[in-house]
Amino acid sequence: MFYDISAVLMSGGYFYSAGDAMRHYPAFSTAMELTAKAALYSDVLSSKLIGRAPSTYLLPVNDALSKVAPELGKAPADQLVDLLEYHIIEGLMPVPRGWKSSTVATLLPGHNLTARLYKAESTDPFTGERQQAPSLTLVPEVGRPASVTIMNIYAGQSIIQGINGILAPNTGVVQLLANSNSAGTGRRHRRRRLLQASRSRSTRQSKANTWTAQNTQSAIRAAAVGNIPASYATAAGSRNAQLAAGGCVNCLRWGL
């Protein structure tokens, strides 16, 4: 049986190390930058990156890191190292046969993950048939779990599992991640308030412009039939324009 595929399949021998694979896959570009920086301060990480021992990398994709990457780039070296070591496991662990629902030790000493392996229904993209596919969720010591969304990229002696979230160990880096997320939320709230204020000002100005036109026209009509002097109508128009600019809709009037 033959299938059409949408990409070229490469063997694990194509990449010499996990670092080579990270550089190849655009989805891991942010993780690659952070890992390379952390490796400058950790002999363990630098050794892993060049592929000296079998390892499993749990790499957050770019979308998962977008909110916190700027803060992580400025983080103290020890906190960045802790976070990246928490995303690496000793040994080669492909999905599903390398995993089971259990506690898993990470490269960060004394800090573990909880793995939950189960089967989920999916649709075969070629046949359209429903089938049981493996699904792996990783629960960190702190924060939300992450799921493996890109499975089994073999790279030399290592394997990469792409995940849709950040795994947080119970160390000082937790506060950094929390601050980054709250800062992002604060910026969104500020942008929302500014947008609402802008819309409110626009609405007030629109109402003011309407009232200005109506009241000025009323003054002009009153002057035309002799009810008020023509100079009153001119003064009314000027006053209404000034009041409208100040946003005082209720102040608009033409009477003097």
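For the stretch 64-76, a residue qualifies if it is of a type in the set (Gly, Ala, Ser) and out of contact with any Leu (no Cβ under 8 Å at 6 or more places or on another chain), and the qualifying residues are 64, 66. Annotation note: Cβ proximity below 7 Å between a residue of the stretch 56-84 that is without any contact (Cβ under 8 Å) to a residue 60 or more places away in the chain and a residue that is surrounded by 15 or more Cβ atoms within 10 Å (Cβ to Cβ) and assigned to a loop (DSSP other than H, G, I, E, B) (sequence gap 6+ or interchain) occurs for 81/42. Surrounded by fewer than 22 Cβ atoms within 10 Å (Cβ to Cβ), more than 23 Å from residue 175 (Cβ to Cβ) and in contact with a Lys or Arg (Cβ under 9 Å, 6 or more places away or on another chain): is that true of residue 55 in this structure? Criteria not met by residue 55. Against the conditions (1) touching a residue at least 60 places away in the same chain (Cβ under 8 Å); (2) out of contact with any Lys or Arg (no Cβ under 8 Å at 6 or more places or on another chain); (3) in a loop (DSSP other than H, G, I, E, B); (4) assigned by TED's automatic domain parsing to the domain that holds residue 29, residue 110 satisfies every one except (1). Quick one: is residue 127 surrounded by 11 or more Cβ atoms within 10 Å (Cβ to Cβ) and more than 26 Å from the chain's Cα centre (by Cα)? Here the answer is no, as residue 127 does not meet what is asked.
Within the stretch 61-85, the residues that satisfy the criterion of being of a type in the set (A, V, I, L, M) and within 17 Å of residue 178 (Cβ to Cβ) are 64, 65, 68, 69, 72, 75, 80, 83. Scanning the stretch 106-120 for residues that are surrounded by 13 or more Cβ atoms within 10 Å (Cβ to Cβ) and closer than 25 Å to residue 174 by Cβ yields 106, 107, 108, 111, 112, 113, 114, 115, 116. Among the residues examined, residue 93 does not qualify as of a type outside the set (Gly, Ala, Ser), surrounded by fewer than 17 Cβ atoms within 10 Å (Cβ to Cβ) and touching a strand residue (DSSP E or B) at 6+ places or on another chain (Cβ under 8 Å).
Can you name the residue in the stretch 1-44 that is of a type in the set (Val, Ile, Thr) and surrounded by fewer than 20 Cβ atoms within 10 Å (Cβ to Cβ) and is also modelled with the lowest pLDDT among such residues? My answer is 8.
Test residue 135 against the stated conditions and say whether it is within 16 Å of residue 59 (Cβ to Cβ), assigned by TED's automatic domain parsing to the domain that holds residue 62 and among the small types (Gly, Ala, Ser). The answer is no for residue 135.
Filter the stretch 66-88 down to the residues that are aliphatic (A, V, I, L, M), buried (at least 21 other Cβ atoms within 10 Å of the Cβ) and under 21 Å from the mean Cα position of the chain (by Cα) and list them by number. Scanning the stretch 66-88 gives 68, 72, 75, 80, 83, 84.
The values are calculated or read from the model by the stated rules, or taken from the named source; none is laboratory data. This is a predicted model, so every value here is computed, not measured. Don't worry about glycine lacking a Cβ; one is built from the backbone with ideal geometry, like all the others, and counts go over all protein chains shown.
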